[in-house]
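Reading through the structure tokens given below for one structure.
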Amino acid sequence: MELTPEEKRYLIFGFVLIIASINPLSLMLANQLEIARFSFDMLLVWGAGLIGVYLAKLMYSKGDEISKSILSLNYKTKGVLYSWGIGGALLTLWYLPNFFDLSVISTEFRVLQILSFIIAGIFGGIGWDALGKAMRSFTLFSMFSMMAAVAELFLEMAGYYSVNYYPVYPTYQLVQTSYMLFVMAAVPSTYYMVKVLKDLGLF
């Protein structure tokens, strides 16, 4: 399959994001700083997602039985099963407190978490290919909105109630991470909220 220049850039960028997320320096920083952990996790999923978009195009061009089955299920579920079901479930699992803590203190669980996030990103990228225009905007809006919701939860728990659900990091880092998530989510969530309405033709 011949890649267009744009597809080549996105594919290379995907690998760059993955390498930036799981190199020895990044892994060391992620174990020490919660902000680094959240940031590198996001880069890892985004990078794998870009590769997933490419894989969807590759499977479409190959046209073998396995590729047809994967893409058929993807289009029957309009991309929601792969992007929201599989991708979203894997991401959510590793941010449950017990699993999150294990992925910080245990090398084996950290490896499993990284592999899970790569799989989640790839399925998210494959699912993206079958999502409609409005659903793509809604997906991005939901992602950034959930970041803001998590930031609010972290801030309330750590700042007001003095509870840290991720004790592998000190409470003050949880507060810092909350502020970072607020900043990262504020503008995109507003933009995609408006875009969803436009894509649905409501104005």
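The values are calculated or read from the model by the stated rules, or taken from the named source; none is laboratory data. Note that this is a predicted model, so its numbers are computed, not measured. For neighbour counting, all protein chains shown are included, and Cβ atoms are generated from backbone atoms with ideal geometry for every residue, glycine included. The area values use the complete protein model at the heavy-atom level, side chains included, leaving out ligands, DNA and RNA. Shrake-Rupley method; radii C 1.70, N 1.55, O 1.52, S 1.80 Å.
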For the chain, averaging the sequence separation of alpha carbon pairs under 8 Å that lie six or more residues apart and dividing by its residue count, the contact order in percent is 22
Using only Cα atoms, locate the centre of region 18-44 and the centre of region 77-139, then give the distance between them in Å, rounded to an integer. 17
In debye, nearest 20: dipole of the chain around its Cα centre with unit charges on the Cβ of K, R (+) and D, E (-)? 520
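Could you report the chain's accessible area per residue, 1.4 Å probe, as an integer in Å²? Spell out each step's value before the answer.
Working: 11290 Å² over 203 residues.
Result: 56 Å² per residue.
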Expressed as a percent, the accessible surface of region 40-149 that is carbon or sulfur, using a 1.4 Å probe and the full set of protein chains, is 75
Spin-label pair Tyr179/Thr92, simplified geometry with 7 Å Cα→Cβ offset, distance in nm: 3.1
Mind ranking 127-137, 11-21, 54-64 by how tightly packed they are, going by the mean number of other C-beta atoms within 10 angstrom, highest first? 127-137, 11-21, 54-64
Listed pairs Lys57/Lys78; Lys62/Lys198; Lys78/Lys198; Lys78/Lys195; Lys68/Lys198 exceeding 25 Å between Cα atoms: Lys62/Lys198; Lys68/Lys198
